[in-house]
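Reviewing the structure listed below.
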Amino acid sequence: MDQLKPQVLVVDGYNIIGCWDELKSLKVKDMGSARDQLISTLSAFHPWSWERIIIVFDGQSFDWSDVEGVEVVFTEGKETADTMIEKLAAGLAARYCVEVATSDYAEYRAASALGARTLSAVALKERLAEQRQIYSRRLGRKTDNRGIALNELLNQTVISNLERLRAREDG
């Protein structure tokens, strides 16, 4: 049944930055650039791989904005990113198939207990590489004069949801 739900990815921002070598070295020079790079990297996969991508960072004051199609959240004062991630996982589970990306073991277990699927930083990076290869193959595939069909670019969840909508209108 979860396969029919749209997918949302909730990312433990600073944790992923601290785990990916290219972002880890960038954060030493400029944390803002490391955040921007993470946002930019993940935005390339929205909406192809996930309907929503939410990156959560610890912050000083609450802020929720949309950057390049990715929802970026900074927690407020005493609230940690972990607490916000847990609230999101619990709150979104009824409507979405929730995946939480973190290599924080305690957060990994908490998200799992709330029914979210979990991805380590390494698993997220591998998933992005796989998605990039699939997308590249789709674009590189020889097509006839009509070009690339839309269903060759959309992920299976989106295609299934569109087919359900079409069936409702026909029936």
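Some observations on this one:
- Gyration tensor (alpha-carbon) shape descriptor, the stretch 41-101, a/c threshold 1.5: oblate
- Within the chain, percent of DSSP bridges classed antiparallel, to nearest 5: 25 percent
- Among the listed pairs K29/K87; K5/K27; K24/K78; K29/K125; K5/K78, those with a Cα-Cα distance over 28 Å are K29/K87; K5/K27; K5/K78.
- Total charge dipole magnitude, the chain, about the Cα centre, Cβ charges on Lys, Arg, Asp, Glu only, Debye to nearest 20: 660 debye
- Relative contact order for the chain, counting Cα pairs under 8 Å that sit 6 or more residues apart, in percent: 24 percent
Just so you know, all these numbers are worked out from the coordinates, no wet-lab data involved. Computed from a predicted model, the values in this text were never measured in an experiment. We place every Cβ from the backbone using ideal geometry, glycine too, and count neighbours over all the protein chains shown.
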